[in-house]
Amino acid sequence: MSKVKELPGEAIVAATQAPSIGNSFRAYVQRVRGGDMGSLPAVLGLVVLCAVFAIARPSFVTAINFANLFTQGAAITLIAMGLVFVLLLGEIDLSAGYASGVCAAVLAVTLASLGLPWYVCALAAILTGVVIGVVLGALVAKVGIPSFVVTLAAFLAFQGLVLVLVKEGTNISVRDPVIVAIANKNLEPWLGWALYAVCVGVFAAIQLVRATRRAKRGLTADPLSLIAFRVGTLAVLAGVAVFVLNLERSRNPALVSLTGVPIVVPVILVLLVVWTVILRRTSFGRHLYAVGGNTEAARRAGIPVDRLKISAFVICSAMAAVGGIVAASRASSVDPNTGGSSVLLYAVGAAVIGGTSLFGGKGRVLDAVLGGAVVAVIENGMGLMGYGASVKYLVTGCVLLLAAGVDALARRRAAAAGLR
Amino acid sequence: MTPLLEVRGIDKSFGPVKVLHNVEFSAYAGEVTALVGDNGAGKSTLVKCIGGIYPIDGGEIFFDGKPVQIHTPRDAGELGIEIVYQDLALCDNLDIVQNMFLGRERKSGLLLDEDSMEELAEKTLSSLSVRTVKSIRQQVSSLSGGQRQTVAIAKAVLWNSKVVILDEPTAALGVAQTAQVLELVRRLADTGLAVVLISHNMNDVFAVSDRIAALYLGRMAAQVKTSDLTHAQVVELITAGRSGELGLKNGVTP
């Protein structure tokens, strides 16, 4: 039934492989072979796509285009981050796109016609998301309607709701300087480096503290070499990114200077860290995985499954609201199409491409960011190649299908290897 | 000797169907009590009543000689009654430690205290002399059937439980793995736990049990020491509800 070799007569921990770079790498290869690909397809895809676009269109590898990628992918990435929570439970939220539209419209209307300060309006938008999540979650968990149907209905209804909010199709412009800055302004270059130093420093500190604490207790701890490798990789990748983003990318630097890390980047980073901690290090997150893996087992362990489902939908819709705010900021306006057309499918695609399973129980918030990067690169690169919307839709559709196919095949492979 | 767990006169119906009729059942500390019976005899229902999953319609439950009320799985857990279900209640996508602490995670502040959970899980597994898993941070999906069963049992033992009820722990296992699990079952009883083993397999029952309780069509046909019974007698109790002097006196019609 299983390929795991049994090791008779060996103490349980002595048999654990010492974690070194070599062993970690071997264990990773074994996992991938067993069908657990994680983010590998996304990372490989990203590399291949970037290489192809860089060769086909040299303008792809300019500082200005690199910065564009972040602002282009931000809204979809944020929505995808929320979707991960719902997908983890094996549910789906098809309304997340238009939910972000509704929340963006709430933001725009409260800003424009009520003239409230930006933070009140942003809070109102996020609260709208929370309410949407409670309603969707309750319909799924308490009433028992399949999430596919509930959110498909909501998909239609929210489309109508956006039209109501923007008075049947007017374009409401968003002029608040703070909101507009989110997707259109950059951090001062020194602030970018400070952020970089804090991120790398904190990451290294957490890794070191955990390893020493575990070693003190006599548990298997990661060796220094492995930690150095991880921290080094992050330091190099993030360092290159900050350096490029701090290059002058204005066409006419004498007139207006354009440098620095886009403000959406720290926004995404903070949310990525917060949600990752919640998912990986709290009992709430642990229970989400448990429900996604085996609902009945979770119920028997005394986990409140219904409440957990509702909170996943709340997180999803609230993150859709954040995505909506960023989208409104980027366009400096909200119209009936905000959060519409391809936004939802791009977001679901981002989560799945990143390695989150549509079958539940497997996924990370980081997946959404990696997948979001893939989607942004496709969108951006195809645009530079001069292809129209038709080809973009076709290609993204194929990529989504490919990602879902990889997910399903990985599952079958894992089953064949006796891993599931 | 007073039984650690005793139920008296339990009735349970699902709608018009009466599944348990006035059932008596006892389990003693340090002993393995085998609960046998044909399909539909009410073994699983009885266990679920004891575990607080089904409410009982009538009868009493005594724990350590004192009457107790069990309404939810939590109540059962607080008394120290743990059930290892037939369809193992494990999450494939979590590792061994995560599964063992599922729903009862240890925390330091808001965050999970992974280190102390790992330590305790390891201690429990080695106290059960479990040596067959590579790493306790291994996902359950990568374990064999016997290993999963071991984890499920270890999970039940982790909570200072006093009564461990195993629902068909060997049904899906091969020969070697069955022996492994049975050995573990015997060890549990030897450490002073009251173990209830539900099984269809006579070899298993005779290999580890001290007492046998046979259910027949929702009625307790007999509760006898294993050493006083033969293989054939148990089979008769299971299939006919009686065997010579033993069993239900007035023939029961289905």
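For the pair residue A:281 and residue A:225, a Förster radius of 35 Å applied to the C-beta separation gives a FRET efficiency near 0.90, rounded to the nearest 0.05. Remark: spin-label model distance residue A:202-residue A:164 equals 4.0 nm, labels positioned 7 Å along the Cα→Cβ axis.
Among residues other than residue A:151 with Cβ under 11 Å from its Cβ, the summed charge is -2 (Lys and Arg +1, Asp and Glu -1). Annotation: peptides A:26-32, B:178-184, ranked by per-residue average of other Cβ atoms within 10 Å with the highest first, follow the order B:178-184, A:26-32. Shielding of peptide A:214-221 by partners, expressed as the average count of other chain Cβ atoms within 10 Å per residue Cβ, is 3. Between A:192, A:355, A:160, the residue with the greatest mean-square fluctuation in the GNM of chain A (Cα pairs under 10 Å linked by springs) is A:160. Counting only the Cα atoms, chain A fills a convex hull of 166 Å³ per residue. A 23 angstrom limit on the alpha carbon distance is what I want to check against. Which of A:216/B:155; A:142/B:18; B:123/B:162; A:142/A:167; B:107/B:155; A:142/B:107 exceed it? Those over the limit are A:216/B:155; A:142/B:18; A:142/A:167; A:142/B:107. Principal axis extents of the C-alpha atoms in chain B (largest first, rounded to whole Å): 59, 38, 35. Label zone (residue B:137, point 7 Å along Cα-to-C-beta; backbone nitrogen cut-off 11 Å) within segment A:186-215: A:211, A:214-215. Would you report the distance distribution of C-alpha pairs in segment A:333-395 as whole percents per 10 angstrom bin, up to the bin with the largest distance? Going out from 0 Å in 10 Å bins, segment A:333-395 shows 21, 43, 30, 6 percent. With a Cα-only, solvent-free Debye model of segment B:123-234, what are the log10 I(q)/I(0) values at q = 0.17 Å⁻¹? Calculated log10 I(q)/I(0) at the listed q: -0.85. Residues of segment A:225-251 falling in the label zone of residue A:47, defined by backbone nitrogen less than 19 Å from a point 7 Å along Cα to beta-carbon, are A:229-241.
Taking only Cα atoms, what is the 0 to 90° angle, nearest 10, from helix B:175-190's long axis to the longest principal axis of chain B? Rounded to the nearest ten degrees, it is 90. Cβ-Cβ distance of residue B:240 and residue B:60, R₀ of 35 Å, FRET efficiency by 1/(1 + (r/R0)^6): the value works out to about 0.75.
Seen against the Cα atoms of chain B and their longest principal axis, helix B:114-127 is set at about 50 degrees. Distance between the 7 Å Cα→Cβ label points at residue A:241 and residue B:106: 3.6 nm. Note on chain A: helix-only mean residue ellipticity at 222 nm, from DSSP H runs of 4+ residues weighted -39500 (n - 2.57) and normalised by residue number, equals -23500 deg cm²/dmol.
Backbone N atoms of segment B:45-64 closer than 12 Å to the 7 Å Cα→Cβ label point of residue B:11 belong to residues B:57-60. Dividing the alpha-carbon radius of gyration of segment B:183-237 by the rule-of-thumb value 2.2 N^0.38 Å gives 1.14. Highest-first packing order for the peptide set A:105-118, B:136-149, B:67-80 is B:136-149, A:105-118, B:67-80, based on the mean count of other beta carbon atoms within 10 Å. Label-to-label distance for residue A:269 and residue A:130 is 2.7 nm, based on points extended 7 Å past Cα in the beta-carbon direction.
Coordinate-derived values only; no laboratory data. All values derive from a computational prediction rather than experimental measurement. Quick reminder, even Gly has a Cβ in these numbers, built from the backbone with ideal geometry, and neighbours come from all protein chains shown.
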